[in-house]
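One structure below.
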Amino acid sequence: MLKKIAKATICIKSGSRKNQEIAVLFNPSEYSIDGANYYPETKSPGLKPLPQFVSGQAPSLTMELYFDTYTDEGGSDVSIKTFEVASLMERETHDPPDVEFRWGELAFFGVIEKVSQRFTMFRPDGVPVRAKLTVTIKGKRALSKQLKDPRPNSSDKTKRRTLTADSSIWLMAAGEYGDPRYWRLIAHQNRVDDPGAIRPGTALVVPPLDTKRPGAGP
């Protein structure tokens, strides 16, 4: 018995079009998921530059979607359909709407970062009837999951770190917590009043990330 072919859809998760679904006319022939980490080089006297992990970048999903109104829809303007996808890049109040691309077992949540439209066939009067869209969705964790799950890069115990000549309390916070704004947590722990006056070679106590303690707020 043949299984029913799963149809790819773009589900709108926020904004004025929340809960609407955009059906993809033709499933993509392939897609790619890319991710990256940020490793700036830390320079120390007498040593080669050492890459230091600061943060991970959100993954992105890229695919090509095909639209054709010439064959099945009597040659209507295909840009009307492609606009349904491209318009998801437009801001509503503060940000573009969240979306989720679903296809079979894949459910990729994020925001549409880039859309490239290429029209490849036209009626005699110039109206496009066939198009190819290259769509990139930037991954994004839903706020409810961020509040529920612990930070993956939070310190799990107190540490001691020595400030180097080319570092700062802000870079230290970025390396330990993934966000330089948490420098106040380190400053509070070490009773630092002027973070710019910390001398290289100073050993600092880096506590576990606990946003409830005094001085932890970004």
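Summary table
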read-out: Any hit, segment 97-107, residues being farther than 15 Å from residue 20 by Cα, touching an Asp or Glu at 6+ places or on another chain (Cβ under 7 Å), touching a residue at least 60 places away in the same chain (Cβ under 8 Å) and among the hydrophobic types (A, V, I, L, M, F, W, C); value: no
read-out: So residue 31, is it farther than 30 Å from residue 163 by Cβ and modelled with pLDDT under 90; value: no
read-out: In segment 77-132, the residues that are assigned to a strand (DSSP E or B), surrounded by 14 or more Cβ atoms within 10 Å (Cβ to Cβ) and of a type in the set (S, T, N, Q); value: 117
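The values are calculated or read from the model by the stated rules, or taken from the named source; none is laboratory data. The model shown is predicted, which means the values in this text are computed figures rather than measured ones. Note: ideal-geometry Cβ built from the backbone for every residue, glycine included; neighbour counts use all protein chains shown.
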